[in-house]
Every structure is written in structure tokens, then in C-alpha cells.
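The values are calculated or read from the model by the stated rules, or taken from the named source; none is laboratory data. The shown structure was predicted, so the numbers you read here are calculated from the model rather than taken from an experiment. Cβ: placed from backbone, ideal geometry, glycine included. Neighbour counts: every protein chain shown. Areas reflect the complete protein model, heavy atoms only, side chains present, ligands, DNA and RNA absent. Shrake-Rupley method; radii C 1.70, N 1.55, O 1.52, S 1.80 Å.
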Amino acid sequence: SGPLCGWWIHEPPLNTFFPRRENDGEPVNDRRLRARIAMGEVVRIAPGSFAVRTDWDRLTPMAQHAQRVWEAAVRARSQLHASHWAAAALHGIDMIGTWPTRIDTCVELASGGRSSGTFRRHGRRLSDIGTMPWQGHAVTTPLQTAVDLMPSSRFLEGVVAADQALWAKRSEGALVAASDLRDLAGSVKGRGSARAVRAAEFATGLSDSVRESHSRVLISVMGFPEPELQARFMLSDGRDAFTDFFWQEHRHIGEFDGAG
């Protein structure tokens, strides 16, 4: 079996933050803090937590969301069960589009918990979902996280989540096995269940970025033939080159290139 956790599970991506009421053991000067926020030097990342803008801006959107999850967990009065986008950020499962401002958590179905300004709560039977311990709280496993995102998002986002969980070149290896992903997606009931199955069947571990996954979906939707992924070519100098997409029959190569 592969590793149970991804890159942000063990420590937050950013260590520099300012608790509202404490700064190296001394009370925070609210006037000075407000001035730094107004000047753009400091950014509020969670209730009571602030970060230096230059440090914050260096983080990717996924890492920024992971930091928000960590800050919320530190201040939580009861145990959290991070899920969906929050769990994806902690596991390093990148997503396409804008990351949410609220933190996804699961609560017991009968608890009657409601979403708030900080949390977006999902009522579920906690005994029925896969979780793992995390910093005194719990987080859904990479497998559960990917499958949770498939029926609750568009097909595109579901494929991206699945591809990221299956990504073979991840430094610690794929987070989930394709067979497990298909099996759990097949057990989804209710709204979005067909979309979850379709996304699991379409998913691959060969997409090296969310935009390559995006490209695969567009290629399929537009009716083009299915390409070969990561096709190997030997260059004239003996080096190997791998292409994002290759249509051998048509002698065409497709690439998604970009920075950031």
C-alpha cells in the first residue's frame, strides 16, 4: 500500500503568522497591525492569524488553503474532520479553479451542525467514511477525499481530483490505487453518483498537472481521438523526450505548456 498522507499533513506550509493577542509573548499593538494591513504588508489569513504579505504571496493557492486549514484547526474548540477541498489541500491534491474561502469539514449527520463564516460543514455518518488522525483532529484519506470531490463538483474538477490522487510521478508515489478509486466511486449513492463513476473511469496517473487533466477532458469533449499520454521519443542527441499527448495515427503531438 502507498503512503497514507501527502506533503502538508505533517507541518503547515508557512510558519510566519501573527496571533491576534500574542506576539513573542507580548500583546499585539492593534493600531500598528491595522496600519500594516492597510499598507498591504500583512494579510489576514484566518480569524486571529496574520502573515507577512511577501511570504503569503509566495505560496500556491493550494498551499494558501492548506495554511488556512491549519490555522482553523489550531483554534478549533472541538475535533474537526477536514474533508473535500480542505483535505485535498492537506494531501497535496491540487484542484482547478478558485479555492474556497471556507474550510470543508464533515460532521455527524444527526448533529445538526451548520456552515459558518469559517467552516462549510457536510453532514455524514462519520463511521462510513475513511479518515486518518491529524494533529489531534481527523482528515479524510486521499482515497475518500478524491471520491468525495467527484460527485460534488463538475466532471472536470472530478477528473482533476482523481488524476492528482493517481499521479504516478508524485515524489512519494501515487496516493491511491486506480482499482480502489473505481471501487469506492462505484459505491457512491444519490446525486452525482454517475459523474463519480465516469470520472474514476476516465482518470489516469499519467497527467502531470491539473492543466494536462483539463486538456484531456477538453480533447474528449470536443470529440478528438484519445491520445497516448507521455509518449517517449529519442532526440537526435540521444536524450529522451516525453510528450503530453500523441496521436500516432495522425502524426500529431499536443503539449500544454505554462508556468504557474
For the chain, using Cα atoms only, the Rg and Dmax in Å read 20.7, 69
Expected 222 nm ellipticity per residue - DSSP helices of 4 or more, -39500 (n - 2.57), all of the chain, to 500: -10500 deg cm²/dmol
Is the shape of region 199-260 best called rounded, prolate or oblate, per the rule: a/c under 1.5 gives rounded, else a/b larger than b/c gives prolate, else oblate, with a ≥ b ≥ c the square roots of the Cα gyration tensor eigenvalues? prolate
Based on the Cβ-Cβ distance of Arg34 and Leu109, what FRET efficiency does E = 1/(1 + (r/R0)^6) give at R0 = 35 Å, to the nearest 0.05? 0.25
Carbon and sulfur atoms account, in whole percent of the 1.4 Å probe accessible area of region 136-211, for 51 percent
Go through region 187-200 residue by residue and turn each phi into a ³J(HN,Hα) via Karplus (6.51, -1.76, 1.60, θ = phi - 60°); whole Hz please, and just put x for glycine and proline. 8, 5, 10, x, 4, x, 5, 5, 5, 5, 4, 5, 5, 5
With the 1.4 Å probe rolled over protein heavy atoms, the chain has an accessible area per residue in Å² of 56 Å²
I'd like the accessible area for Ile253: 1.4 Å probe, protein heavy atoms, all chains in place, Å² to the nearest 10. 90 Å²
FRET efficiency (Asp55, Glu172; Cβ distance; R0 30 Å; to 0.05) is 0.75
In nm², the average projected area of the convex hull spanned by the Cα atoms of region 114-162 is 4.4 nm²
Report ³J(HN,Hα) in whole Hz for each residue of region 145-151, in order, from the Karplus equation J = 6.51 cos²θ - 1.76 cosθ + 1.60 where θ = phi - 60°; Gly and Pro get x. 4, 4, 5, 4, 6, 5, x
Under the Karplus relation 6.51 cos²θ - 1.76 cosθ + 1.60, θ = phi - 60°, what is the ordered set of whole-Hz ³J(HN,Hα) values for region 90-99, x standing for Gly and Pro? 5, 8, x, 8, 6, 10, 9, x, 7, 5
From Cα pairs below 8 angstrom and at least 6 apart in sequence, can you work out the relative contact order of the chain, rounded to a whole percent? 13 percent
Projected onto the charge dipole of region 80-190 (+1 at Lys/Arg Cβ, -1 at Asp/Glu Cβ, origin at the Cα centre), which of Ser83, Phe119, Gln135 gives the Cα projection farthest towards the positive end? Phe119
Dipole axis of the chain (+1 Lys, Arg; -1 Asp, Glu on Cβ), positive-most option in Thr101, Met62, Val221: Thr101
For region 101-237, the dipole about the Cα centre with charges only on Cβ (Lys and Arg +1, Asp and Glu -1), to the nearest 20 debye, works out at 660 debye
Classify region 72-192 as rounded, prolate or oblate, taking a ≥ b ≥ c as the square roots of the eigenvalues of its Cα gyration tensor: rounded when a/c is under 1.5, otherwise prolate if a/b is larger than b/c and oblate if not. prolate
